[in-house]
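Below you'll find the structure, written out as C-alpha cells, and then a few comments.
The values are calculated or read from the model by the stated rules, or taken from the named source; none is laboratory data. Since we're looking at a predicted model, the values are computed, not measured. Cβ sites come from the backbone with ideal geometry, for glycine too, and all protein chains shown count toward neighbours.
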Amino acid sequence: MRPTTTNTTLRALYKPQLLRRTFTTSRPHASRLRQPGEPTGPNEPPSHISTPPSKSPLKVWPIVGIFALGSFLFKKIVDQRLEEAAYKPQGPVVGMPAIGNLGATTRTSPLWSPDAVTVIFVLGGPGAGKGTQCQKLVADYGFKHLSAGDLLREEQDRPGSEFGEMIKTYIKEGTIVPMEVTVQLLENAMKASMAGDNKKGLFLIDGFPRKLDQAHAFERTVVPSKFTLFFDCSEAVMEKRLLQRGETSGRADDNMESIKKRFRVFVETSMPVVNDFESQDKVVKVSAERSPDEVYADVVKMFKERGVEPIKLKLVQTQNA
Ligand SMILES: Nc1ncnc2c1ncn2[C@@H]1O[C@H](COP(=O)(O)OP(=O)(O)OP(=O)(O)O)[C@@H](O)[C@H]1O
Ligand SMILES: O=c1ccn([C@@H]2O[C@H](COP(=O)(O)O)[C@@H](O)[C@H]2O)c(=O)[nH]1
C-alpha cells in the first residue's frame, strides 16, 4: 500500500537525522570515540574546559521571559494611554473649528457632588418618547428638563456661533457632535438653571449621553448621574412616530434618510452607553410602546422604587365635591 511505502521511505530518510540530533550535541560529525581531554574540533577547547551547550533551553528561556514581560508592560502602557485619550479632549476635528479649548471636559474632578445636584439621564432610540415623558416628569417632580438635542439646535441657530455649521452637519447626518461642545452647553445650562429657580439642582438630561466618551467626560467633570431612565421601543414604532412628527416638526432629521442613520448610530454608539450603565446597576428600563399615560405610570412606579418621589400631590376631584 502506498502509505506504507511512503512511511517506510520517510522513516528511512529522517530516522538517522533524528537519532543524530537526539544523541549528539553541537558536533554532528563526531563519529570517532574521543580520548579524555582531547579537543573535540579544531576551534574547540578540550572537554575538561566546560562550555555550555549552544542550544541549551536555559539560554532561550530568559530571553523569552524578558520578551514576554516587555510585551506585557508595553500592552499595559498602550491600554492606559488609550483610556486616558478617551477622557481627554480629542483636539480639533478634521475639517471642523478647533474645539479643544472649551474647558468643561479638561477638569479632573466633578464640578458638583451628586448630593448637591441630581442628574437623571433619559435615553432611548429616536422617537421613543423621551421628550414626551420628560414634560410629564417636569410637571410632577420639579425637574429642569435639558434636552441635549435642543441645546445643540439652539447653538446651531445662535447668530455668530462658531459651531453652528458643524452642528448642522452632525444633526443632518444623525451623528454625534464632539462631546466638548455638548458637555459645555449642558454645563452652561445647568449653571443658569441653578442661578434661577432650580436651587435644588434637579435635572433630567434628555438624549444624552449618546456616546461612551460623553458619559465618562460628563460624570468625571460635571457630576455623576443618579441613574438612567431608558425607554425601550422597536424601530418600527419609532419610525412611525418620527415620520408623523416630521409632518409638522420642521426638524431637518425627521425624514426617512436621516431616521435610518439615527437608528444605526443609536444601536452602534448609544446602546453601549446604556449597557455600561446597566453593568453598574444604574438603568431603569421602561417599555415605551403603550400610550403616553401608560408609559408614564410605569415611570412613576420605577422612580418610587429608586426613592424619587413627586413634589406635588395631585388633587383628586370627587363627584360630590
Ligand atoms: N407613547 C407614545 N405613543 C404614541 N406616540 C407617542 C408616544 N410618545 C411620544 N409619542 C409621539 O412620538 C413623537 C416622538 O416623541 P418624542 O419627541 O417625545 O420622542 P423623543 O424620544 O424625544 O424623540 P427624539 O429623540 O427624536 O427627540 C412625538 O410626535 C410624540 O407626540
Ligand atoms: O448628546 C447629543 C445629543 C444629540 N446630538 C445630535 O442631535 C441630534 C438630535 O438629537 P435629539 O435628542 O433627537 O433631539 C442627534 O441625532 C445628534 O445628531 C448629539 O450629537 N449629541
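Just one of the listed residues (Val286, Val308, Val237, Val300) is over 23 Å from Arg153 (Cβ atoms), touching a helix residue (DSSP H, G or I) at 6+ places or on another chain (Cβ under 9 Å), at pLDDT 95 or above and in a helix (DSSP H, G or I), namely Val300.
Per this entry, Lys240 is counted among residues that are over 23 Å from Pro272 (Cβ atoms), within 16 Å of ligand 1 (Cβ to nearest atom) and loosely packed, with under 15 Cβ neighbours inside 10 Å. The residue of segment 265-305 that is farthest from the chain's Cα centre (by Cα), among those that are of a type in the set (Ser, Thr, Tyr) and more than 17 Å from Phe121 (Cβ to Cβ), is Ser291. Go through segment 184-230 and give me each residue that's more than 9 Å from ligand 2 (Cβ to nearest atom), farther than 22 Å from Gln135 by Cα and not aromatic (Phe, Trp, Tyr). Scanning segment 184-230 gives Gln184, Leu212, Asp213, Ala215, His216, Ala217, Glu219, Arg220, Thr221, Val222, Val223, Pro224.
Look at segment 256-269: where a residue is closer than 16 Å to Arg245 by Cβ and within 11 Å of ligand 1 (Cβ to nearest atom) and a partner is assigned to a helix (DSSP H, G or I) and among the hydrophobic types (A, V, I, L, M, F, W, C), sitting 6+ places away or on another chain with Cβ atoms under 7 Å, you get Ile259/Leu242.
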